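A quick write-up on the structure given underneath.
The values are calculated or read from the model by the stated rules, or taken from the named source; none is laboratory data. For clarity, every value in this text was computed on a predicted model and none was experimentally measured. Please note: Cβ atoms are built from the backbone with ideal geometry, for glycine as well, and neighbour counts cover all protein chains shown. Side chains are part of the model used for accessible areas, which takes the heavy atoms of the whole protein and leaves out ligands, DNA and RNA. Shrake-Rupley method; radii C 1.70, N 1.55, O 1.52, S 1.80 Å.
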Amino acid sequence: TKKITIAIDGFSSTGKSTIAKQLANSLGYVYVDTGAMYRAVTLYAMQNNLIAKDYFKVEELIAALPTIKLQFKFSAEAGFAEIFLNGLNVEKDIRNIEVSSFVSKVAEISEVRSKLVEQQQEMGKDKGIVMDGRDIGTVVFPEAELKIFMNATADTRAERRYDELKAKGDQVTYEAVLKNVQERDYIDTHREDSPLIVAEDAIEMDNSSMTKDEQFNFVSTLVNDIT
Ligand code: C5P
């Protein structure tokens with residue numbers, strides 16, 4: 001079977017990473033979570049007082065970009081590659097609601113995007129990769145052999161994300177999670193650079209009422225048809 005590139009895009013909390021990880025494991029492919037990269041840059045901005053509720057020092061963040069080093073290192077314990085920001089594992093620091101509340105603003109910046117896109121293209125140059133994000137099928141790998149665009153109702157997505165955060169012990173309300181999901185979707189679909197849109201040749205999938213097994217079977221069939 002030939003190695004392909006699989007692009008998984010879609011709205012926030014639609015389960016992109018669940019599908020992507022399952023696929024990568026079953027195919028022996030590399031999995032790259034590009035949202036983690038935008039989240040890590042956001043964490044950097046927060047740690048260096050470049051972004052907060054009442055300010056965003058865009059020019060200073062752009063100037064700092066060359067000093068921001070992102071790496072993925074496979075963790076046998078986690079079963080996927082965890083993200084490192086300037087040498088430190090930040091996997092557990094990037095998925096809270098605070099980072100989530102700033103990340104879409106950081107992801108609007110063209111300089112941030114071009115830096116991360118370049119690194120993503122480098123990671124995928126040999127194919128055999130499953131990458132999830134918002135612009136993978138449209139910008140990062142427009143030539144990807146398989147493009148999936150995932151969607152689900154806002155309530156379904158907020159519920160899943162809320163359960164996930166609660167399980168980790170985060171103090172969040174369902175309303176705050178729903179509001180964040182909706183705000184990010186709005187910014188992600190309306191930004192000028194690489195907005196979230198369905199690629200022409202993407203296969204759309206609404207998983208609001210699909211089980212994880214059903215999703216996986218659906219996508220595996222698509223992969224088998226190609227490889
Ligand atoms: O996938 P995740 O929800 O972790 O992504 C966090 C945010 O990062 C998104 O809401 C979006 O603003 C940004 N993002 C992006 N392009 C990508 C991946 C994520 O703009 N390829």
I'm told E59 meets every condition in (1) out of contact with any Phe, Trp or Tyr (no Cβ under 7 Å at 6 or more places or on another chain); (2) in contact (Cβ under 8 Å) with a residue 40 or more places away in the chain; (3) within 25 Å of P195 (Cα to Cα); (4) not aliphatic (A, V, I, L, M) except one. Can you identify the failing condition by its number? (2)
Of all strands (runs of 3 or more DSSP E) completely enclosed by the stretch 1-86, which ones contain at least 3 residues that are touching an Asp or Glu at 6+ places or on another chain (Cβ under 9 Å) and more than 15 Å from the ligand (Cβ to nearest atom)? 70-75
Being at pLDDT below 95, open to solvent by 30 Å² or more (accessible area, probe 1.4 Å) and out of contact with any Pro (no Cβ under 6 Å at 6 or more places or on another chain) narrows it down to one of T67, T153, so name that one. T153
So for the stretch 44-52 (the condition being at pLDDT below 95 and open to solvent by less than 30 Å² (accessible area, probe 1.4 Å)), does at least one residue qualify? no
Cβ-Cβ distance below 7 Å, separation of 6 or more or different chains: which pairs start in the stretch 114-135 with a residue that is aliphatic (A, V, I, L, M) and end on one that is open to solvent by 10 Å² or more (accessible area, probe 1.4 Å) and assigned to a helix (DSSP H, G or I)? L116/Y38; V117/V139; I129/M123
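Residue by residue, here is whether (1) within 10 Å of the ligand (Cβ to nearest atom); (2) farther than 22 Å from N25 by Cα; (3) out of contact with any helix residue (DSSP H, G or I) (no Cβ under 6 Å at 6 or more places or on another chain); (4) assigned to a loop (DSSP other than H, G, I, E, B) holds:
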| position | (1), (2), (3), (4) |
| --- | --- |
| E108 | yes, yes, yes, yes |
| R113 | yes, yes, yes, no |
| F149 | no, no, yes, no |
| D185 | yes, yes, yes, no |
Checking I148 against (1) surrounded by fewer than 16 Cβ atoms within 10 Å (Cβ to Cβ); (2) in contact with a Gly (Cβ under 9 Å, 6 or more places away or on another chain), which single condition isn't satisfied? (1)
Here the residues within the stretch 96-127 that are touching a Lys or Arg at 6+ places or on another chain (Cβ under 7 Å), open to solvent by 50 Å² or more (accessible area, probe 1.4 Å) and more than 22 Å from P66 (Cβ to Cβ) are K127
When the stretch 175-220 is examined, which residues are found to be open to solvent by 60 Å² or more (accessible area, probe 1.4 Å), farther than 20 Å from T18 by Cβ and over 18 Å from the mean Cα position of the chain (by Cα)? E175, K179, E192, E200, D201
